[in-house]
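Quick notes on the structure that follows.
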């Protein structure tokens, strides 16, 4: 889920909840059991806080993923400028399979 944009991650969470499952995030307080035992305003507030904590966790995970990708890109750019990065070597066997699957051309 950390690789998904926040909107898509929230859609996934909503789909999980719609099926009756609960999503537990390690390191995040789970208030869902307390919310189920509560009633009225307390229940609404606890559910809102739980949803907010989940969204914060999703956003932090996404930000971390984007930071790592950016650092990786910077490292690759540095290696390219130093002439040390060459990328993946071509795989002739896979290339031949692709041509064969495409019908020869």
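The values are calculated or read from the model by the stated rules, or taken from the named source; none is laboratory data. Quantities reported herein were computed from a predicted structural model and do not represent experimental measurements. Note: ideal-geometry Cβ built from the backbone for every residue, glycine included; neighbour counts use all protein chains shown.
Within region 22-42, can one find any residue that is in contact (Cβ under 8 Å) with a residue 40 or more places away in the chain, closer than 16 Å to residue 4 by Cβ and either out of contact with any helix residue (DSSP H, G or I) (no Cβ under 6 Å at 6 or more places or on another chain) or surrounded by 12 or more Cβ atoms within 10 Å (Cβ to Cβ) (or both)? Checked region 22-42: no residue is in contact (Cβ under 8 Å) with a residue 40 or more places away in the chain, closer than 16 Å to residue 4 by Cβ and either out of contact with any helix residue (DSSP H, G or I) (no Cβ under 6 Å at 6 or more places or on another chain) or surrounded by 12 or more Cβ atoms within 10 Å (Cβ to Cβ) (or both).
No other residue among 64, 77 is in a helix (DSSP H, G or I), touching a residue at least 24 places away in the same chain (Cβ under 8 Å) and exposed (fewer than 13 other Cβ atoms within 10 Å of the Cβ) apart from 64.
Might you let me know whether region 85-98 holds any residue that is over 15 Å from the mean Cα position of the chain (by Cα), assigned to a loop (DSSP other than H, G, I, E, B) and surrounded by 11 or more Cβ atoms within 10 Å (Cβ to Cβ)?
yes
Look at residue 50 and say whether it is closer than 24 Å to residue 9 by Cα, surrounded by 11 or more Cβ atoms within 10 Å (Cβ to Cβ) and at pLDDT below 85. When the stated conditions are applied, residue 50 passes them.
The numbered conditions (1) at positive phi; (2) touching a residue at least 24 places away in the same chain (Cβ under 8 Å) are all true for residue 103 except (2). Scanning region 18-36 for residues that are outside any loop (DSSP other than H, G, I, E, B) and modelled with pLDDT of 80 or more gives a single hit, 18.
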